[in-house]
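Okay, so here's the structure we're looking at.
Only the coordinates and a few stated rules stand behind these numbers; no lab work does. Just so it is clear, the model here is predicted, and its values are computed rather than measured. Counting neighbours? That spans all protein chains shown, and the Cβs are built from the backbone with ideal geometry, glycine included.
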Amino acid sequence: MRIIAGQHRGLTLASVGKGDTAAHLRPTPDRVRESLFNVLMGHGMPQGARVLDLFAGTGALGLEALSRGAVHCTFVDNGRIAQKLIRENLTKARRTGDAWVLTTAADRLPAAPAPCDLVFLDPPYGKALGQGALLAAQAAGWLAEGALVVFEDSAPQAVQGFTVLDNRRYGDTHITLLSPA
């Protein structure tokens, strides 16, 4: 797994290894990330964006956004192995100064210090955790007006109070782009 483009292009990220089966670590494959970021560029993202990476896992999505010009990323994951991988990857990329790692459940976020323009939401497949986490992030002030939400799951997603902008399928992965209504 590596950073696809931008400032850190080609940087090899920390290996998940055996990972944490209980946490369902499932990094977004390079080819899916590359396609996703091509779509995001059409929306003017992530250049200059503040990013929230919920269920961050290895942090690959948030790190890709930082590499491509995001100004800050908050990584959220309550798994110890995931937190270790995120910190290791931030250190490798020398991005610890413009990133935070929150060690909390994605649906229990503290109040946001500043709203985010781009939100990655990649919950464990089949656990129905994503919608609650997105609504909690919105309630805690993490979503900027007109924020773009990237919801990755095993099926297309719709969330009450959000407009579906696009749906893409990559094998068993579905990417749904949403925006607050």
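Things to note:
- Within region 47-65, the set of residues being under 16 Å from Leu85 (Cβ atoms) and free of Cβ contacts under 8 Å to residues at least 60 places away in the same chain comprises Thr58, Gly59, Ala60, Gly62.
- Among all residues of region 110-125, there is none that is assigned to a helix (DSSP H, G or I) and over 21 Å from Pro29 (Cβ atoms).
- Taking every residue in region 151-171 that is under 14 Å from His43 (Cβ atoms) and pairing it with any residue that is assigned to a strand (DSSP E or B) and among the small types (Gly, Ala, Ser), at least 6 positions away or on another chain, the pairs with Cβ-Cβ distances below 6 Å are Thr163/Ser179; Leu165/Ser179.
- Number of residues in region 67-101 that are assigned to a helix (DSSP H, G or I), among the aliphatic types (A, V, I, L, M) and without any contact (Cβ under 8 Å) to a residue 60 or more places away in the chain equals 2.
- Region 35-79: number of residues that are of a type in the set (Val, Ile, Thr) and touching a Leu at 6+ places or on another chain (Cβ under 6 Å): 4
- Selection of region 36-62 for residues being β-branched (Val, Ile, Thr) and part of a helix (DSSP H, G or I) yields only Val39.
- Test: residue in region 102-120 that is in contact (Cβ under 8 Å) with a residue 24 or more places away in the chain, surrounded by fewer than 16 Cβ atoms within 10 Å (Cβ to Cβ) and among the charged types (D, E, K, R): yes
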